[in-house]
Amino acid sequence: MPIRLYNTLTRTKEPFEPVQPGKVGIYLCGPTVYKPSHIGHMVGPVIFDTIKRYLQWNGYQVTLVVNITDVDDKLIAESQVRGISMAALAEEMTADYMRNLAAVGVDTVDHFPRATAHIDEIVAFVSELIARGYAYVADGDVYFDVSRDPEYGKLSRRSVEEMQGEGGTTAERKRSAADFALWKSAKPDEPSWPSPWGPGRPGWHIECSAMSRKLLGRTFDIHGGGLDLVFPHHENEIAQSECCHGVPQAKYWLHNGLMQASDEVGKIGGRHTRRAEPQPGDQQAQEAGKMGKSKGAAPFSELLKTYSGETIRFFLLSTHYRRPIDFSEERIREVERGLEKFYGLFARYQRVTQKSFYDLPATRRREDGQFEPGQDPFLLEVHTCRERVLENMDDDFNTGGAIGVLFDLVRLLNRYCDEHGLESAPQPQTVAVWERGMFTLRELTATLGLFRAPPQATHAARDELVPRLLDLLVSVRAEARAARNFAAADRIRQGLAELGITLEDRPGGTVWVLPK
């Protein structure tokens, strides 16, 4: 079955046929870097990093672009509050974002263009729109004239009347309240750049049109972003790009569901909330419960102190990308427990074969992992699991469905190991058959960017591990003393003393004391 994508523009699933055969260009709207990134900022990058991996595995040459908005009203306001330059704030927050992307295994992005590094391209783009009669200058500002675009609203399917805002402080300069800014004239003490219309800075939407054109061309394959960007951001991108070029900006528009605070809609920590049952594409319901900086979402770096980046990636991929993601500590702990099933299987593989699961080769192409199962019942089931995973991924990148099948495969591999006594009396033939199944597991998880390296304990897990290990040693020492094995008991005390840890035998039991 060919890969199919749900296109927000057409509201249907369509066969994936790139603009240029064999090549794919993807543009994902990235963050406005004015505060530390939170888990909501990881959703899109993890999804589209996985999409790129899967497309590459299917033989496509893929270019992935994620922009950085480093000039914006929010950046200016935050830099003034902190008493630093906008550039310094953007640099600090961009570095935070990059560290967090690395933690969740996002490392396939080819370009991270910054708006401030593409001012010339933006000015040129705005100039073209003015020359074509789609934009006008008003007191140093430049606005896009939505009345000149008969298709305006085709992505969000809203009428111009529904899309009209109040216009803010510039309402009197606009021809229509729905017109949006392409260039904003400079205000005192704000960053600005020279332009034919006077010093100023770009509007939010124009930066993505200019940078996507430069890096991917006038028409590219996939434009991605959160559901909250359908309007106004992507609607305005389409208008200015397609009016400027006369061709579609992107062939497929993919929008991921938003991160929700547990199962409640509304302000996180607020008094008035209601249970949420938003569906894929239900922008209004999802936006109501969206986690964001303005709603007090914790910095992602804090979350990483408790949970590993792989746990978070697994959590984000466990839901189909178009559905909202319920965020709660319990949900992540549930995912963490699920991951232990995989880690337990990897440990069994190490014991049986004396080899690491992580050293198994991951296939570079889809056809490389194909195999004939013959009449072996176990291999037939492995083959079926592989086909089911690929069917899910071919059907609009359904990572949630694919991960569900991977759990089935883990259970199958464990059952085979038990039934054939591989840990107690392994036979070369049965071990070889089992390894064929492990190879398939390695292949399929690698396409999702999972299990690329052995897990490392989080800060919180390490902090919790030391007391538990010491309690265990105290318990073992007590058992040795009860059995009158005083040599073993003394060895435990002496070994801990050499590490600076003191054991104190008290009437209520033995306690340990860490060095000061």
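The values are calculated or read from the model by the stated rules, or taken from the named source; none is laboratory data. Model, not experiment: these values are computed from the prediction. Please note: Cβ atoms are built from the backbone with ideal geometry, for glycine as well, and neighbour counts cover all protein chains shown.
Quick check: is even one residue across region 167-174 surrounded by 14 or more Cβ atoms within 10 Å (Cβ to Cβ) and under 26 Å from Gly224 (Cα atoms)? No, there is no match, as no residue in region 167-174 is surrounded by 14 or more Cβ atoms within 10 Å (Cβ to Cβ) and under 26 Å from Gly224 (Cα atoms). Each residue in region 411-423 was checked for being assigned to a helix (DSSP H, G or I) and surrounded by fewer than 17 Cβ atoms within 10 Å (Cβ to Cβ), and 5 of them qualify.
Here Ala88 meets the list (1) within 30 Å of Phe451 (Cα to Cα); (2) among the hydrophobic types (A, V, I, L, M, F, W, C); (3) surrounded by fewer than 22 Cβ atoms within 10 Å (Cβ to Cβ) almost entirely, failing just condition (1).
Being of a type in the set (D, E, K, R), touching a helix residue (DSSP H, G or I) at 6+ places or on another chain (Cβ under 7 Å), under 26 Å from Ser308 (Cβ atoms) and not in a loop (DSSP other than H, G, I, E, B) is the requirement here; does Arg436 meet it?
no
Residues of region 177-196 that are surrounded by fewer than 20 Cβ atoms within 10 Å (Cβ to Cβ), in a loop (DSSP other than H, G, I, E, B) and hydrophobic (A, V, I, L, M, F, W, C): Ala177, Ala186. Could you tell me whether any residue of region 398-417 is more than 15 Å from Leu441 (Cβ to Cβ) and hydrophobic (A, V, I, L, M, F, W, C)? No. Restricting Gly246, Gly224 to residues that are modelled with pLDDT of 95 or more, in contact with a Phe, Trp or Tyr (Cβ under 8 Å, 6 or more places away or on another chain) and farther than 23 Å from Arg173 by Cβ narrows the list to Gly224.
Within region 496-516, the set of residues being farther than 17 Å from Pro467 by Cβ and surrounded by 11 or more Cβ atoms within 10 Å (Cβ to Cβ) comprises Ala497, Asp505.
Under the condition of being over 14 Å from Val352 (Cα atoms) and touching a Ser or Thr at 6+ places or on another chain (Cβ under 8 Å), the residues counted in region 410-446 number 2. Only a single criterion out of (1) closer than 21 Å to Leu448 by Cα; (2) touching a Phe, Trp or Tyr at 6+ places or on another chain (Cβ under 8 Å); (3) assigned to a helix (DSSP H, G or I) is not satisfied by Lys74, namely (1). Yes or no: region 470-485 includes at least one residue that is of a type in the set (A, V, I, L, M), in contact (Cβ under 8 Å) with a residue 24 or more places away in the chain, farther than 28 Å from Asp359 by Cα and not in a helix (DSSP H, G or I). Among the residues of region 470-485, not one is of a type in the set (A, V, I, L, M), in contact (Cβ under 8 Å) with a residue 24 or more places away in the chain, farther than 28 Å from Asp359 by Cα and not in a helix (DSSP H, G or I), which makes the answer no.
The set of residues from region 231-251 being part of a helix (DSSP H, G or I) and within 16 Å of Leu215 (Cα to Cα) comprises Glu237, Ser241, His245.
Of the listed requirements (1) modelled with pLDDT of 85 or more; (2) farther than 30 Å from Thr319 by Cβ; (3) surrounded by fewer than 12 Cβ atoms within 10 Å (Cβ to Cβ), Ala453 misses just one: (2). Here region 84-123 is the region considered, the condition is being of a type in the set (Gly, Ala, Ser) and in a loop (DSSP other than H, G, I, E, B), and the residue that is nearest to Glu190 (Cα to Cα) is Ser85. As for region 6-27, it holds no residue that is of a type outside the set (A, V, I, L, M), modelled with pLDDT of 95 or more, in contact with a helix residue (DSSP H, G or I) (Cβ under 6 Å, 6 or more places away or on another chain) and over 26 Å from Arg452 (Cβ atoms). Of everything listed in (1) part of a loop (DSSP other than H, G, I, E, B); (2) closer than 29 Å to Leu303 by Cα; (3) of a type in the set (Gly, Ala, Ser), the single unmet condition for Ala402 is (1). Listed by first and then second residue, the pairs linking a residue in region 338-351 that is closer than 11 Å to Arg411 by Cβ and not assigned by TED's automatic domain parsing to the domain that holds Trp434 to a residue that is charged (D, E, K, R) and at pLDDT 95 or above, with Cβ atoms under 8 Å apart and 6 or more places separating them unless they lie on different chains, form an empty list. In region 343-358, the condition of being among the small types (Gly, Ala, Ser), more than 24 Å from the chain's Cα centre (by Cα) and either modelled with pLDDT under 95 or part of a helix (DSSP H, G or I) (or both) is met by at least one residue. Taking the criterion of being among the acidic types (Asp, Glu) and either part of a strand (DSSP E or B) or surrounded by 21 or more Cβ atoms within 10 Å (Cβ to Cβ) (or both), the only residue of region 132-144 that qualifies is Asp141. For region 91-113, enumerate the residues that are under 17 Å from Pro455 (Cα atoms) and not hydrophobic (A, V, I, L, M, F, W, C). Within region 91-113, Asn100, Gly105 qualify.
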